[in-house]
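Presented below is the structure to which this report refers.
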Amino acid sequence: MRFDVVTLFPGYFVSPLGESLLGRAVKEGILDVHLVDLRDFSDNAHRKVDDEPYGGGPGMVLTAPPVFAAVEALRSEAGAPPPHVVFLSPQGRRFDTPCAKELAMRPRVALVCGRYEGIDERTRSATLFDEEISLGDFVLSGGEAAALTILEAVSRYLPGVVQDAASVSADSFEDGLLDYPHYSRPRSFRGLEVPEVLFSGHHEKIRQWRREQQLLSTLERRPDLLRTAPLDGEERALLERLAAKWRSP
Ligand code: SAH
């Protein structure tokens, strides 16, 4: 899969794209990341891409011409699939697992990072961006951290990035619930013990225990997820019992 990241700070991405799973995915060609320096599209001798806001007020605005030029250059690239162009913005749709999976189906995604007070509104009124995506209800200083987060979350769904595909499908949110708890050596640590069932060697019992733990931690931490989690009748009944126990222990 190809990503184009339009940014004022291409250097921001160099180390993360060279380390760990992302680093290996890039090396193996599963992930092809093109860093596009927005300043290359400035029509200004000083490579300036920001200016004062009309009407006054604090800060600077990312101007429209270099953003249009950069995105249009990506769209008109010959021999490459057309990019799905995403502008990173706190005003966009909230990024989550379904959104990551949706992006992972696309052959090419362009992530455009804003800076300063924001971007000239005319980039949004034209059909320059296919969509706007937000990381959450908070404001970052630029889109770079959001782009990196999206890159990493999406790449987990590309075949070969995470070696054991089962580890992705067991993660939180995959089946509408939070993940079950994990334990490793030592068996006893500062008086804290590992649940006995995990030493039973009984795979079905372990599976059932983990499923119950998923329900329990979702009930305790993210009850909102239970409204839409795809549970069968037996699991709904178990959830009712756990909820009753949880309400009056
Ligand atoms: N004044 C703007 C925020 C500008 S922050 C507003 O309140 O809507 C500068 C840039 O950081 C934005 O253009 C965007 O690209 C990026 N950014 C900030 N918060 C973000 C978030 N929650 N998700 C994705 N990108 C974000």
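More than 18 Å from G29 (Cα to Cα), assigned to a helix (DSSP H, G or I) and either more than 16 Å from the ligand (Cβ to nearest atom) or not polar (S, T, N, Q) (or both) - does that describe any residue in the range 83-93? No, that holds for no residue.
Out of G142, G118, one residue alone is within 6 Å of the ligand (Cβ to nearest atom), at pLDDT below 95 and either in the same structural domain as P58 (by TED's automatic domain parsing) or within 26 Å of E52 (Cβ to Cβ) (or both). It is G118.
Screening P66, P82 for residues that are in contact with a Lys or Arg (Cβ under 9 Å, 6 or more places away or on another chain) and loosely packed, with under 15 Cβ neighbours inside 10 Å leaves exactly one candidate, P82.
Name every residue in the range 101-115 that is in a loop (DSSP other than H, G, I, E, B), away from the ligand (no atom under 15 Å from the Cβ) and surrounded by 14 or more Cβ atoms within 10 Å (Cβ to Cβ), in order of residue number. Residue satisfying the conditions is R106 alone.
Contact map, the range 215-239: residues that are within 18 Å of A170 (Cα to Cα) paired with residues that are of a type in the set (F, W, Y), Cβ distance under 9 Å, separation 6+ or inter-chain. Pairs shown: L216/W246; S217/Y180; L219/W246; L225/F173. Answer with yes or no whether G136 is in a loop (DSSP other than H, G, I, E, B), of a type outside the set (S, T, Y) and over 27 Å from F87 (Cβ atoms). Here the answer is no, as G136 does not meet what is asked.
If only one of G55, G11, G79, G29 is without any contact (Cβ under 8 Å) to a residue 24 or more places away in the chain, part of a helix (DSSP H, G or I) and not aliphatic (A, V, I, L, M), which one is it? Break it down stepwise before answering.
Details: G55 fails: part of a helix (DSSP H, G or I); G79 fails: part of a helix (DSSP H, G or I); G29 fails: part of a helix (DSSP H, G or I).
On inspection, the qualifying residue turns out to be G11.
Tell me which of these P98 doesn't satisfy, since it passes every other one: (1) touching a residue at least 24 places away in the same chain (Cβ under 8 Å); (2) in a helix (DSSP H, G or I). Among (1) touching a residue at least 24 places away in the same chain (Cβ under 8 Å); (2) in a helix (DSSP H, G or I), P98 violates only (1). Annotation note: Cβ proximity below 6 Å between a residue of the range 146-163 that is touching a residue at least 24 places away in the same chain (Cβ under 8 Å) and a residue that is basic (K, R) (sequence gap 6+ or interchain) occurs for Y157/K101; V162/R156. Would you confirm, using the coordinates I've provided, whether S217 is modelled with pLDDT of 95 or more, within 30 Å of W246 (Cβ to Cβ) and not in a helix (DSSP H, G or I)? No.
Every residue, every condition in (1) in contact with a helix residue (DSSP H, G or I) (Cβ under 6 Å, 6 or more places away or on another chain); (2) surrounded by fewer than 17 Cβ atoms within 10 Å (Cβ to Cβ), yes or no:
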| residue | (1), (2) |
| --- | --- |
| A165 | no, yes |
| E174 | no, yes |
| Y180 | yes, no |
| P186 | no, yes |
| V194 | no, yes |
| V197 | yes, yes |
| Q214 | no, no |
| S217 | no, yes |
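Return the total of residues in the range 124-139 being within 10 Å of the ligand (Cβ to nearest atom) and either surrounded by 16 or more Cβ atoms within 10 Å (Cβ to Cβ) or more than 19 Å from Y12 (Cβ to Cβ) (or both). It would help to see each step written out before you state the result.
In the first step, residues of the range 124-139 are kept if they are within 10 Å of the ligand (Cβ to nearest atom); the result is 132-139.
Restricting the remaining residues to those that are either surrounded by 16 or more Cβ atoms within 10 Å (Cβ to Cβ) or more than 19 Å from Y12 (Cβ to Cβ) (or both) gives 132-137.
Matching residues across the range 124-139 total 6.
The values are calculated or read from the model by the stated rules, or taken from the named source; none is laboratory data. Everything quoted here is computed from the prediction, not taken from an experiment. Ideal geometry is used to build each Cβ from the backbone, glycine not excepted, and the neighbour counts take in all protein chains shown.
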